Structures are given as structure tokens and as C-alpha cells.
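To start, the structure itself, in C-alpha cells.
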Amino acid sequence: MLKKRLLLKYTFHDFFHDFIVKRNKYAFYKAIINNTTNLNIDTAVNIKEVKNSNAKIHYINQIPPYINIVPVETYKSFKFNLYNGYLIDIKDFESLDAYMAHQFGSKSRSKIRTYIKRLETCFNISYKMYFGNIDKNNYEALFDVLEIMIERRFLERGDIHEAANDWLFYKEIFYQLIRDKKASMFVIYDNDKPIDINLSYHYDNILINYIRHTIIGNIIIE
């Protein structure tokens, strides 16, 4: 009985899915602060209603450590860490080489350069970042390739990718998000064939890596 009472007062929220993916927020958010700039990055397009209006407790997870949610004055908050995330902060570095020299030892940097050289020696590699502009037909073809990459890999594992159920939703929204510079698609090509595709969200000066997959092999789309 006590457990049921607690569940009635408890509502779960996924911050990443609601705010980053869906661009929604809840009415009890007063501000959403980017800790690297101390600026409010609340650009949500919708105020999402709380399903359980009788809830006394709102449990919000998937909040990155560089984001601070400020609740309205009628709410109190308690914060704790569930697991370690990661953040690459490059604002104090003038170049990638400067960041690599600060972050990695000489042996690690040498290994990374070796891997890149091996890739570019074995294949005719080119890199393309789609951010702000992408042809619609090219976008749809790349998204189809990414879906095949993921399906093939997870079929080998006997598993289902967490984005599989919402794939049509992602395909629909990412095109406009890329054009609006709210998302990007980074592609590594072998000649004209994409072998690595990465989808990221953009908020303020933050790039959030979301879906990525690599494949070396043949993909044929009719």
C-alpha cells in the first residue's frame, strides 16, 4: 500500500528526450543553464503538461553535468549523480593539435595518427560535415544507409537499437534541424560510399553526439 502511494506521487521525466530531442520543457523549469557559458539556453518550443498532475515528486534523469536546471520558486530540487558522463571542453584551445597535446601523451597521439593514416591509405577517404545545408535527396539516402548500418550491426548482436522504434521520427525532424543549425550530420566517405555517419544535436555552443555508426563493406540501396 505504501509503495502504491509513493508511485502515485512520483513522475519520471527524461530530460534528454524531452528537451534535446523533442524541444519540450515542463512548466516547473524556470531556466536551463549552460554551465560552460552561464547562459540560459531554454529554446524549447513547447511547454509539456505533466501527465500526473497530483505528483509531488518529479524525477528527472539524463541531465548532462554541463547543464543546470533551475526550478520555479515553488519547487525544491535535490541532485545526485547516477553514472559518469563525458565532456570535451575546447574553449581554451586554439587548435585540435593543442587540445590533443594537452589531453593525450605522445604515444596515444602517435597511435591516433597511425589509425587515421592507415584508414586514409587503405581507402579513398573524404570527410563532410552537413550543418546548415544539405540536399533533401542526399539526406534521405544517407539516413537510409545509417538505418541499414545499425540494423545489420544489431542483428549480428541479436539486439535492437534504442532508436529503432522512433526511426521515422528522427528521419523526419533531423533534416530541418540540420538546415536550422540545430543538428549536424558528419559523414566519412570511401570514394562516394558513406562508411561512417554521425548525427549530433546542437544547443548553444554544445554539440551532443547522438547516433553514430561505422561500417566497412557493401551497402546497396534500390
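The values are calculated or read from the model by the stated rules, or taken from the named source; none is laboratory data. For clarity, every value in this text was computed on a predicted model and none was experimentally measured. Methodologically, a virtual Cβ is constructed for each residue, glycine included, from the backbone with ideal geometry; neighbour enumeration extends over all protein chains shown.
Of note:
- Taking first residues from the stretch 152-180 that are over 15 Å from Ile211 (Cβ atoms) and not assigned by TED's automatic domain parsing to the domain that holds Tyr139 and partners that are modelled with pLDDT of 70 or more and among the aliphatic types (A, V, I, L, M), no Cβ contact under 7 Å between residues at least 6 apart in sequence or on separate chains turns up.
- Flag for Phe169 being surrounded by 11 or more Cβ atoms within 10 Å (Cβ to Cβ) and among the hydrophobic types (A, V, I, L, M, F, W, C): yes
- Identity of the residue in the stretch 64-92, among the aliphatic types (A, V, I, L, M) and touching a residue at least 12 places away in the same chain (Cβ under 8 Å), that ends up nearest to Ile208 (Cα to Cα): Leu87
- Residue that is farthest from the chain's Cα centre (by Cα), among those in the stretch 24-43 that are of a type in the set (Val, Ile, Thr) and closer than 21 Å to Asp89 by Cα: Thr37
- Residue match in the stretch 138-154 (condition: at pLDDT below 95, β-branched (Val, Ile, Thr) and more than 19 Å from Leu168 (Cβ to Cβ)): no
- For the stretch 24-37, a residue qualifies if it is outside any strand (DSSP E or B) and either among the polar types (S, T, N, Q) or modelled with pLDDT under 80 (or both), and the qualifying residues are Asn35, Thr36, Thr37.
- Condition met for Tyr189 (of a type outside the set (Val, Ile, Thr), outside the structural domain of Phe19 (by TED's automatic domain parsing), in contact (Cβ under 8 Å) with a residue 40 or more places away in the chain and closer than 22 Å to Val21 by Cα): no
- Number of positions in the stretch 109-129 that are under 26 Å from Val187 (Cβ atoms) and free of Cβ contacts under 8 Å to residues at least 12 places away in the same chain: 12
- Scan of the stretch 1-23 for residues that are over 18 Å from the mean Cα position of the chain (by Cα) and modelled with pLDDT of 75 or more, ordered by number: Thr11, Phe12
- Residues located in the stretch 189-222, provided they are modelled with pLDDT of 90 or more and under 15 Å from Ala141 (Cα atoms): Tyr189, Asp192, Lys193, Pro194, Ile195, Asp196, Ile197, Asn198, Leu199
- Residue that is modelled with the lowest pLDDT, among those in the stretch 39-85 that are over 16 Å from Asn24 (Cβ atoms) and basic (Lys, Arg): Lys56
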